[in-house]
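**Student:** Would you mind keeping the following structure in view while I ask a few things?
The values are calculated or read from the model by the stated rules, or taken from the named source; none is laboratory data. Note that the structure is a prediction, hence the values are computed from the model and not measured. Neighbour counts run over all protein chains shown; Cβ positions are idealised from the backbone, glycine included. In case anyone asks, the SASA skips ligands and DNA or RNA and just uses the protein heavy atoms, side chains included. Shrake-Rupley method; radii C 1.70, N 1.55, O 1.52, S 1.80 Å.
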Amino acid sequence: MWSLLLWTTRRRTGVLPGDQVFGHARDQAALLFGFGFVCAVETVGMSYLLGPWPVLHAVVLVLDVYTVLFVVGLHAASVTRPHTLSGDALRLRQAAHVDLRIPLERIASASYDLKFTHDKNEDGVLNLPVGSQTSLTLTLSEPVVSVGLLGRTREVHTVRCHADDARALLRAVTRARTALSPPPGRPA
């Protein structure tokens, strides 16, 4: 619900001055707004059907309004928490439940890799799909710790994520990694 307030005021959370920002909510917007519309239609229908029972009508109305707000809030959480790239780290986020900071020196390789299927049980791999797709694969030289929604931690050595403009994110990560370690024999 906090994300709804941030979204209506056009603010973002966790974006520092100087950070490059990469959105990742565009490809799920139509699905979530469609689902929200269906929920709103269902709210109207249930209000009509439950009119003769005021107590039941009130309970279902509260639940339906909360559901609509929750669906819109899921989209707002993705919009207000974009991926960010600073001078020393890439921060990948997914709505309000994943926030992974990867130091740039740990990124061994980054590639544009459009995938629509993901093995959820693949050891050491974190998939952050949007609309069931990822578009960028990061292979790490050393694992990073990913903290789940309920505090469960695991080490990951490969991260697959999605960005609205994945190629721009890939170029920015490549530039930042290159700036971090200039080629040998050339002054920094």
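**Student:** Highest GNM mean-square fluctuation, the chain, Cα pairs closer than 10 Å: which of L61, L85, L136?
**Tutor:** It is L61.
**Student:** On to the next question. Can you give me the pair-distance distribution of the chain, C-alpha pairs, 10 Å bins, whole percents?
**Tutor:** 9, 30, 30, 17, 9, 4, 1, 0, 0
**Student:** Quick one: angle between helix 166-180 and the longest Cα principal axis of the chain, in degrees between 0 and 90, rounded to 10, please.
**Tutor:** Roughly 40 degrees, rounded to the nearest 10.
**Student:** Which value, in Å² and to the nearest 10, is the accessible area of F35 when all protein chains are kept and the probe is 1.4 Å?
**Tutor:** We get 110 Å² for F35.
**Student:** Could you pull the accessible area for L149 with a 1.4 Å probe, rounded to 10 Å²?
**Tutor:** Accessible surface of L149 is approximately 130 Å².
**Student:** Can you compute the modelled spin-label distance between V55 and L149, with each label point 7 Å from Cα toward Cβ, in nm?
**Tutor:** Distance between the two pseudo-spin positions: 3.3 nm.
**Student:** Further question on the same structure: Order the following by accessible area, largest value first: D113, D119. Probe radius 1.4 Å; ligands, DNA and RNA are ignored.
**Tutor:** On the way: D113 50, D119 85 Å².
In descending accessible area the options line up as D119, D113.
**Student:** Here's a follow-up. Can you give me the long-range amide H partners of V144? Hydrogens built in the peptide plane at 1.01 Å from N, cutoff under 5 Å, separation of 5 or more residues or another chain.
**Tutor:** Under 5 Å from the amide H of V144: V156.
**Student:** Comparing L126, L100, L49, which has the greatest mean-square fluctuation in the GNM of the chain with Cα pairs linked when under 10 Å apart?
**Tutor:** L49
**Student:** Next up: Give the dimensionless ratio obtained when the Cα radius of gyration of region 130-179 is divided by 2.2 N^0.38 Å.
**Tutor:** Expressed relative to 2.2 N^0.38 Å, the Cα Rg reads 1.31.
**Student:** Using only Cα atoms, find the angle between the long axis of helix 54-80 and the longest principal axis of the chain, and express it within 0 to 90 degrees, rounded to the nearest 10.
**Tutor:** For 54-80 against the chain, the angle is about 20 degrees.
**Student:** Moving to a separate point now. What does the accessible area per residue of region 1-106 come to in Å², with a 1.4 Å probe and no ligands, DNA or RNA counted?
**Tutor:** Here the residues of region 1-106 average 59 Å² of exposed surface.
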